[in-house]
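Trainee: Handing you this structure, nothing more for now.
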Amino acid sequence: MLFCRGFSRICTTPRKSLFGFVLSRRADPSLFLLSNQYVYSTIKVRSGRETLSWSFPSLLGLGRQIHQSSSLIEEQLDPFSLVSDELSLVANRLRAMVIAEVPKLASAAEYFFRLGVEGKRFRPTVLLLMATALNVHIPEPVGGGVGDTVATELRTRQQSIAEITEMIHVASLLHDDVLDDADTRRGIGSLNAVMGNKLAVLAGDFLLSRACVALAALKNTEVVSLVATVVENLVMGETMQMTTSSEQRCSMDYYIQKTYYKTASLISNSCKAIALLAGRTAEVAMLAFEYGKNLGLAFQLIDDVLDFTGTSASLGKGSLSDIQQGIVTAPILFAMEEFPQLHAIVYQGFDNPENIEIALEYLGKSHGIQRTRELAMKHANLAAAAIDSLPESNDENVIRSRRALVDLTQRVITRNK
């Protein structure tokens, strides 16, 4: 089973203020992805400056309004340092989980879990922060009461979600690199380039099987269903990308739906799983889902920008890789709105290098990059507002973790690799 790329790179910058809007308590997440009225805001020009205002007909009737003066942005934090000890624990467990009896398979499966090439561990960081943000504390080693035991068991189960998510993510990278015939990944040779396509596919399958074993051990049917949906979405998203028609390639709706399947589904459903394991309400679980979904969409939108503006050295893989594979992303879609003649080039495809040059020329003259960044910012602020909508808490650990999750939304959209 071959499927998609997910999250990978991250960097650091300060958190900015939020735009005000209202989230819905009852909205079905599957409906969010099918209409531009959810994804886009309107842009109004006032005194020569552009300002953003939200227009969500399907997102009415939540309770609490989010204002720019959010209390979550008072303090600068390093989200990764807050969970660094747990990240090390998760990383060590992951390396132990991917050990196989067949030496070649073991070498392939652990390829991206080795020290130095395991990436930023973005997804585990998000999930561990989410666990604390939902008022689930890291238990102190001292104590020993029944409450401490229950908290420890819960935290271990939530750590398992982080491990499962990372194994699914890496499996998707291995399969994706085979489909894309990629040469590099995370600044080193891709597994398919080093060990061949067959072993790369089998290594991805092996990681998925280990993720399934860990998932079954949780004995929570709702969480199992969520993660199964993630794998289904990954396959659907990759299939949408491989079998797209000329008209679909020019559709922003199609692009957003595919992006959710390929990138945002994994982190959104994993965040929801964290909430469900903690026994939180359906409303809180939905807010966790909303955070992950919008963070994932923002991440991929910036990935699409960096594919045009980054370098192979900074990205850890080839730049312009999408357009060279005939994949049309948000910057080109926005450029097409400004230059309709670009439609003809997209319809022809990008097998001809001259068409790539023409598309890049139009992109350079358009606001495609800027508008993609603006759309990413809108999703980042939706993610931040979901955190701000969580039930209030006076617990310092909870507040700090929520601030860190908000901080991550800005790190995602201002990264350069």
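The values are calculated or read from the model by the stated rules, or taken from the named source; none is laboratory data. If you're wondering where the values come from, they're calculated on a predicted model, not measured in any experiment. Every residue, glycine among them, receives a Cβ derived from its backbone with ideal geometry; neighbour counts consider all protein chains shown. Note: areas computed on protein heavy atoms with side chains; ligands, DNA, RNA excluded. Shrake-Rupley method; radii C 1.70, N 1.55, O 1.52, S 1.80 Å.
Trainee: Might you tell me the accessible area per residue for the range 316-417, computed with a 1.4 Å probe and given in Å²?
Mentor: 39
Trainee: To the nearest 0.05, how large is the calculated FRET efficiency for Asp395 and Arg114 if R₀ is 35 Å and r is the Cβ-Cβ distance?
Mentor: It comes out at approximately 0.45.
Trainee: Assigning unit charges at the beta carbon (Lys, Arg +1; Asp, Glu -1) and nothing else, what dipole magnitude in debye, to the nearest 20, does the range 157-208 show about its Cα centre?
Mentor: That gives a dipole near 180 debye.
Trainee: Carbon and sulfur: what percent of the range 191-348's accessible surface (1.4 Å probe)?
Mentor: Exposed carbon and sulfur together represent 57 percent of the surface.
Trainee: Mind listing the long-range amide H neighbours of Gly349? Cut-off is under 5 Å, sequence gap 5 or more, other chains count too, H placed in the peptide plane at 1.01 Å from N.
Mentor: Here the answer is none, since no amide H 5 or more places off falls under 5 Å of that of Gly349.
Trainee: Kirkwood Rh over alpha-carbon pairs of the range 230-328, then Stokes-Einstein at 37 °C and 0.692 mPa s: what D in µm² s⁻¹, rounded to an integer?
Mentor: Answer, rounded: 223 µm²/s.
Trainee: So for the range 156-205, what are the equivalent ellipsoid semi-axes in whole Å, largest first, each being the square root of 5 times an eigenvalue of the Cα gyration tensor?
Mentor: Here the semi-axes work out to 24, 11, 8 Å.
Trainee: Can you pull the percent of Cα pairs in the range 343-383 with separation above 13 Å?
Mentor: 61
Trainee: Projecting each Cα onto the charge dipole of the range 167-309 (Lys/Arg +1, Asp/Glu -1 at the beta carbon, about the Cα centre), which of Gln248, Ala171, Ala182 comes out farthest on the positive side?
Mentor: Ala171
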